[in-house]
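Below: one structure, written as structure tokens.
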Amino acid sequence: MTTRINATAIRDGSWWIAEFTLNGREYGTQAKRLDQLESMVKDAAALMSGEPEDSFSVSFVIDMPQYMDAVNAYKEAAMRAREADEAAAQASRAAVRMLRDTQLPMRDIGTLMGISAQRVSQLARA
């Protein structure tokens, strides 16, 4: 059985500090890098409980609003960019299909769309 640990992490100077509760008791540990913190929490939990490290799973809440606001803004912008890329890809394939149906040559379609004739050919096959 895996014990789920919900930890809170903050940055303090050059260290990441994690606080968590296990069996009704509060514990803490630290690491230099965020990617090391999960193993440090598992190590501390194993030490305090006598259970093996692999019997724990850890999730973090980063309690640093100034960090998370910037990260969440990035993730939202990246998601919108992926959605826009997909919309552009669908629109380009649809445009090529429609223009090819009118019997326009590949080079003319490329000129109209601002892409190479080779790219038109790729889109026509997609």
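In the range 96-120, what residues are surrounded by 15 or more Cβ atoms within 10 Å (Cβ to Cβ) and part of a helix (DSSP H, G or I)?
Step one: of the range 96-120, the residues surrounded by 15 or more Cβ atoms within 10 Å (Cβ to Cβ) are 96, 99-100, 104, 106, 109-110, 113, 115, 119-120.
Of everything in the range 96-120, those that are surrounded by 15 or more Cβ atoms within 10 Å (Cβ to Cβ) and part of a helix (DSSP H, G or I) turn out to be VAL96, LEU99, ARG100, MET106, ILE109, GLY110, MET113, ARG119, VAL120.
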Checked THR3, THR21 against criteria (polar (S, T, N, Q) and in contact with a strand residue (DSSP E or B) (Cβ under 6 Å, 6 or more places away or on another chain)); the one match is THR3
Scanning the range 1-28 for residues that are of a type in the set (S, T, N, Q) and within 14 Å of SER57 (Cβ to Cβ), the one nearest to the chain's Cα centre (by Cα) turns out to be ASN6
Flagged in the range 44-53 as touching a residue at least 12 places away in the same chain (Cβ under 8 Å) and either over 17 Å from ARG25 (Cα atoms) or of a type in the set (Asp, Glu) (or both), in numbering order, are GLU51, GLU53
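Where a number appears in this text, it was derived from the coordinates with a stated rule and is not lab data. Since this is a predicted model, take the numbers as computed values, not measurements. Every residue, glycine as well, gets a Cβ built from its backbone with ideal geometry; the counts of neighbours run over all protein chains shown.
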